[in-house]
Amino acid sequence: MGNTLKTRLADAVKESMRAKNSARLGTLRFLQAAIKQREVDDRRELDDAEITAIIEKQVKQRRESIAAFEQAGRNETAEQEKQELLVLQEFLPQQASPEEVEAEIRKAVAQVAAQGVTGAPAMGKVMALLKTALAGRADMSAISSQVKSLL
């Protein structure tokens with residue numbers, strides 16, 4: 001199992017079992033199942049970047065669920081989702097600072113402007129550049145709104 005993120009995940013599952021932490025264990029197993037499903041579908045072993053993308057997707061789902069549950073007044077369920085979100089975020093790379101995000105956005109906008117692309121196509125190109133630069137290190141929906149305000 002040379003895959004570091006996968007190994008860290010397996011170790012975390014074992015630690016959760018030993019600690020009898022069923023909430024954490026459930027979240028980790030759910031994540032492992034999502035990774036395994038993707039590996040079976042693709043018929044190959046996933047690398048860290050692909051696993052990070054799966055974790056990001058899970059994090060995004062949790063954030064959307066939290067918002068929906070809080071709107072519906074289901075605070076207990078929202079709290080459970082928040083706990084799962086914290087567990088998932090442990091496996092993402094260190095989050096980028098706001099200054100770092102701002103610098104990356106400005107760099108990407110300048111790069112796209114230098115290519116002469118403007119308007120809606122520029123948004124897509126800028127977001128593509130930022131997705132690679134900030135993969136797993138920032139909330140892409142928040143970045144999207146920042147980019148819109150700049151363009």
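Please count how many residues of segment 116-143 are surrounded by 11 or more Cβ atoms within 10 Å (Cβ to Cβ) and outside any helix (DSSP H, G or I).
Total satisfying the criteria: 8.
For segment 39-85: of the residues being under 12 Å from the mean Cα position of the chain (by Cα) and hydrophobic (A, V, I, L, M, F, W, C), which is farthest from T27 (Cα to Cα)?
A49
Rule-based calculations on the coordinates, nothing more; no lab input. What you see is a predicted model; the values in this text were computed from it and never measured. We place every Cβ from the backbone using ideal geometry, glycine too, and count neighbours over all the protein chains shown.
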